[in-house]
Each structure stands twice: as C-alpha cells, then as structure tokens.
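Colleague: Got a structure here, written out as structure tokens. Questions coming.
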Amino acid sequence: MQSLFAFQQSKEANYLLCCDTIEEVFAPDLNSMEPQDKKELNKQKKEALNLLDKVFETTTSVEHENEKIRKVVEESLGQYRKTVAQDARFFKKSLKQDVEKIYRYYLAVLTLAIAIAEAAKADKKINHSNYINNRWVKALSDSNDLKKESLRLNATWDNKFDRVQLWLRDVVKQDNEYMAYLDKKSPSPDDQKRVINHLFRKIVLGKTIINDYFEEEVLHWSEDREIVKGMVEKTVKSYNPSAGEPLHLHQLSLNWEDDLHFIENLFSGAINLDPEYSKLIADNTRNWEVDRLPLTDRVILELAITEMIVFPSIPVKVTMNEYIELAKNYSTPKSRQFINGILDVITKHLKTAGKIKKSGRGLMDNK
C-alpha cells in the first residue's frame, strides 16, 4: 500500500513536470529580439495542456492541427511515460527490499539483548548477574544461527556499543521492573521469561529512546515494528530452556518465494489496473459526501479490486475485511465505513459483470 501510494504520488509529480515543460515552451522569450504574441502563446499553451490532459493516460495518439503543439505534447507525454515506467520498476524493486529488511530488524532487536548483557558486564555500579545469566539471554548468545544471520545482514551492535552503553544507563537501569528483577535472589524460569519479554516489549520496542532510534533509522518503522515485535515474541515463547534444544529463529515468511510472487503481482496488477476500474471507483464515489477521494482510500480500493480479480484462491470476504482494516488503521476516521460501503457496491458490480472468478478456497464466500 505504501509503495503504491508513493508511486501514485510520483505519477502526479511527473504529470506536473510535463505541464511545466509545456508552459516553458509557450512562455514568451524575454531574450528574443522578435516581437512576442503573448495572447497567442497563452492560447497555444492552454490548447497543449488540454491535449495532454486528454491523452496522457490513454493509448490515443497525439493529434493536433498545430504541429508545434502536437510535437510538444508528444515529447512531454513520451518523457512522462518513460519516467513512470522507471518509477514502477524502482518501487517494485524497493518493495521486495523493504520487506526483506524486516528480517534484519528482527535480528537487530534480538542481538540488542545480547549487547545489553555485554554492556552490563562492564557496569561497576550495579550487579546485573540475573540478566547476564538469564537463560533466554544466554540462549540468544549461544545461537549459532543468530550469530551467522546477524553477521550476514550486519545486524550486530559492534559498531554502536557506545550507544548501547548509554541505553543501559539511561533506559534499562531506569526501568523499575528490570531493577526489581536484578534484586531477586534466585529468579525462576517464569521470572526470567517475564523480564526478557518486558525488555523487548517495553524497553526496546516501547516508548523509549531505543525505539526512537529505530524510528529514525527505518522509514516504515511504525508498521515494521509490529511485525518485528510479533516475531520476537514468538521467538521468546517457543524457546524452552528445559528441553535442552537451541533457540530457533523465526522466519518472516513460511514460503518467501510464494509470498514475494503474491506481493509483486498485487503491486503490478494495481499500477496497471484497467482504466475501467478507475472509472468504476469514480462513478461509485460521486454520491458520497467527500470533497475529494483521499489518495490513501483510492489506493486501498485499487488494491482490493486487483486482489479480487487477479487472485482466484482468495475469498472475496477475506479481501474486503483486509482492506477495510487497512482503511481503519491508515486513512481518515470515516474511511472504514466509506471503504466498506464502496467495496460492497463495487464487489456486487464485479460479480454481476463476471469479473470475479474464484476457484478452490476462493469459492468459500463466492456462492
């Protein structure tokens, strides 16, 4: 959704650049010694802009009786389409990279618990033995998979150890629950598990300067944080120190190749959505009390339509629920109800028109 939102914004910016180019061509040449017919130039400029607006999202050839107007619009349109194609490739590539980076952030959060233990060993003022000897912290330290993966993806804190020491002093040691844990004479396994969960949830990923650091470093941290948090919690929960088995890392996806295929097809389908669907959205939003359809809502509707018509195995109801939830979390206060109503109308239209063709699991709510 974020990538499609950014792509749509870039399209709008590219269109404005085309308009600027046309305006420059038909602006009076102040350095010319020849007389300038400003009225005629302004007229040509308006005709060229109207022509651009008419053809820029169609396959219609550029035609105009004035050769200069035709040529300028044709060149501007060619540049627009070239730039849009470049942007589409860029955002599609970045989409894959951004998703894969989430796994690196997950590793960075896990290795931070180890780095805090290393910083705690050097603290001469307080005895951190309960934390240093915590069985979850030791399991993280002993995990060969974590060592290998964190080195491969540069998710260690070796070059930021000074920062970790400051966090130990200014954040970790200021936390009442952590300090109370240090005072326990013999922490039980439940105590140990509870404090490591607290460290991740409230100290590292809570409302602290540690979380602020991630927010500054990671563009989409507000969304990525919840995924990372879930993966970390699963890692802590799945480890059983009594079982004698090493701690297991959790993967971002059970089948990344399949998920990547879905992500890329959804993105490509949405950016290449047939104009008839854009018209369908426009026709069904005119009667709603909105001055202008927010770009976020338009993106959500385009993604929902794409998912309905491109992926036969996904039930319609699942698609609707997912995108209504996206509207609730990322758009305006009224967007959830708005998206719900519009999707309901559009879905009925698509079914009647035979555009939605489901199979397998996708037939569950498409009877």
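What follows draws every value from the coordinates through simple rules; no lab data is involved. Since we're looking at a predicted model, the values are computed, not measured. Note: ideal-geometry Cβ built from the backbone for every residue, glycine included; neighbour counts use all protein chains shown.
Colleague: Please state the relative contact order of the chain as a whole percent: Cα pairs under 8 Å, 6+ residues apart?
Modeller: Dividing the mean separation by the residue count of the chain yields 14 percent.
Colleague: Right, here's the next one. For segment 89-162, state which trypsin sites (Lys or Arg not before Pro) are in a DSSP loop and have at most 12 other beta carbons lying within 10 Å of their beta carbon.
Modeller: Loop-located and lightly packed - Lys124, Lys125.
Colleague: Moving to a separate point now. Just want the ordering: His250, His261, His128, from fewest to most Cβ atoms lying within 10 Å of their own Cβ.
Modeller: Placing the least packed residue first, the sequence is His261, His250, His128.
Colleague: OK, next. If the elastic network links every pair of Cα atoms under 10 Å, which of Leu112, Leu266, Leu151 fluctuates the most in the Gaussian network model of the chain?
Modeller: Leu151
Colleague: On a straight-distance basis, which lysines could pair with Lys229 in a cross-link, Cα separation under 23 angstrom, same-chain partners fewer than 8 positions away excluded?
Modeller: By straight Cα distance, Lys229 reaches Lys96, Lys101, Lys138, Lys147, Lys148, Lys160, Lys173, Lys193, Lys202, Lys207, Lys237, Lys328.
Colleague: Lysines within cross-link reach of Lys358: Cα-Cα under 21 Å, excluding same-chain residues under 8 positions apart?
Modeller: Excluding near neighbours in sequence, the set is Lys317, Lys348, Lys367.
Colleague: Moving to a separate point now. What is the distance in Å between the Cα centres of segment 90-130 and segment 136-195?
Modeller: Using only Cα atoms, the two centres lie 9 Å from each other.
Colleague: Stick to Cα atoms and the Kirkwood definition of Rh, then tell me Rg/Rh for the chain.
Modeller: Over the Cα atoms of the chain, Rg/Rh equals 1.12.
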